[in-house]
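I have placed the structure first, in the form of structure tokens, so that the comments after it can refer back to it.
Quick note: the coordinates plus some simple rules give every number you see, no bench work behind them. Note that the structure is a prediction, hence the values are computed from the model and not measured. A quick note on method: Cβ atoms are made from the backbone with ideal geometry, for glycine too, and the neighbour counts reach across all protein chains shown.
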Amino acid sequence: MENKKILIAEDDKVLLNLMRDELTAQGFEVLGASNGEEGLNLALKFHPDLILVDIMMPIMNGMEMTAKLREDEWGKTVEIIVLTNLNTENAVAEFLEKGAYDYLVKSDWSIDDVVKRVKEKLNIKD
């Protein structure tokens, strides 16, 4: 794998570190942000291949972060997977309308599911 870069914007430090450790072990370069503003700044600076973004974060939530990314020329096309505890159709539909690729409801997935989804989206074969 040619060191694909993943940005994780997640305010739950335990979850952020778990995902960072597993994706790093899988050969990805991983950037971590604990709020949407930090995530936006890292994304615009380092142009990751894919972004995992939580909806509920301090300073700037994931929906605002996604909307601001889509205003940037590079950010219009970056792949985004939403991580959420919100399992309502409205929240998910709004995120998908803003250009997210997919979403994972936190209570429904394991770290292996996240890695699998990331690899699928980046067309990486095991």
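Annotations for the structure displayed:
- Between Ser110 and Met56, the FRET efficiency from the beta-carbon distance, with R0 = 25 Å, is close to 0.75.
- Applying a threshold of 20 Å to the alpha-carbon distances of Lys4/Lys76; Lys13/Lys45; Lys45/Lys76 flags Lys13/Lys45 as lying beyond it.
- Additional length obtainable on full extension of the chain from Glu64 to Lys5, 0.36 nm per residue less Cα span: 19.1 nm
- Placing dummy labels 7 Å off each Cα toward the beta-carbon, the span from Asn41 to Glu71 is 1.7 nm.
- Three-way shape call for the stretch 13-71 based on the alpha-carbon gyration tensor, with the a/c threshold at 1.5: oblate
- Chain lengthening between Glu120 and Asn17 when straightened (0.36 nm per residue, less Cα-Cα): 34.9 nm
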